[in-house]
Amino acid sequence: MAVGARSGRDEGEERPDGIQRDAEREAREAEDGEDGAEERPQRSFWKELPLLVGIALLLALLIKTFLVQAFSIPSDSMQNTLQRGDRVLVDKLTPWFGSEPERGEVVVFHDPANWLAGEPTPEPNFLQTILSKIGLMPSADEKDLIKRVIAIGGDTVECKKGGPVVVNGKPLDEPYIFPGNTPCDDAPFGPLTVPKGKIWVMGDHRQNSQDSRYHMQDSTQGFVPVDKVVGRAVVVAWPVTRWATLPVPDTFDQPGLGDQAAAKAIGAGPAALGLVGAVPVVVWRRRRLTSGTTGR
């Protein structure tokens, strides 16, 4: 039928007033939302600058306290691995998860028993002063040392004149020793057993390092308490021409020396926890972005 063919779609179908008004209101709200997103005024950079500076300082303090801190190398005792004036970044997070120093690591530790007596305190430069003020470098008044961990609690360590350092009956191949130096000819020692909760440390520049060998008559007997360790030096960060990581040498992974696999598993723990902790943050942020896009 001709009358039935007329559906009204061409000329517009009449709607109840309520439905029509609702549709118009939704269209206006959608248009206003788009315009608002496009025309929303941005805050002045200068108004946001104090907030950004405050956040940066807070993050610097948190990083210094819990994560990483820069240390300046004041002497030649770790040549050629580290040079005087190098800045190293020290991992302070891992010890919070119960991990202790392991053989072969380069660690920073507080002076355990006045080892630095008589040593002059270097004057900090302008950059060091600023970084120490915000907590990214230690104060010049702090007495810290940096050495390589050779043996840990429970290990037996010794070094005879003309021979290598021996840990748990395994001789160490030490290519990191300063060229021309011997492993211990200037101060042979041992055999001795490292007490639990202590470490035995030596400098890479063996003939220019007042390390554990030279403090065996002190109250520490040459051992460094684990609770004096600030953290492990993981990278040379400055100068940029000296940038390098500080891995554990292969000689400390030799079979029979110790259970390094367990230590590596412990070291991986913080990274795994960090990944797990980051997932909720990422999900929350994606939801916020999605919510902001839809206007809901």
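The values are calculated or read from the model by the stated rules, or taken from the named source; none is laboratory data. Keep in mind that this is a model prediction, so the values were computed, not measured. Note that we place each Cβ from the backbone using ideal geometry, even for glycine, and neighbour counts take in every protein chain shown. In case anyone asks, the SASA skips ligands and DNA or RNA and just uses the protein heavy atoms, side chains included. Shrake-Rupley method; radii C 1.70, N 1.55, O 1.52, S 1.80 Å.
Points to keep in mind about this one:
- Restricted to the stretch 218-249, and to residues there that are closer than 25 Å to Asp173 by Cα and part of a loop (DSSP other than H, G, I, E, B), the residue that is least open to solvent (accessible area, probe 1.4 Å) is Gly222.
- Those residues of the stretch 187-238 which are among the charged types (D, E, K, R) and in contact with a Lys or Arg (Cβ under 7 Å, 6 or more places away or on another chain), in sequence order: Asp204, Asp211
- Entry remark, the stretch 196-227: residues being more than 28 Å from the chain's Cα centre (by Cα) and within 20 Å of Thr182 (Cα to Cα) number 6 in total.
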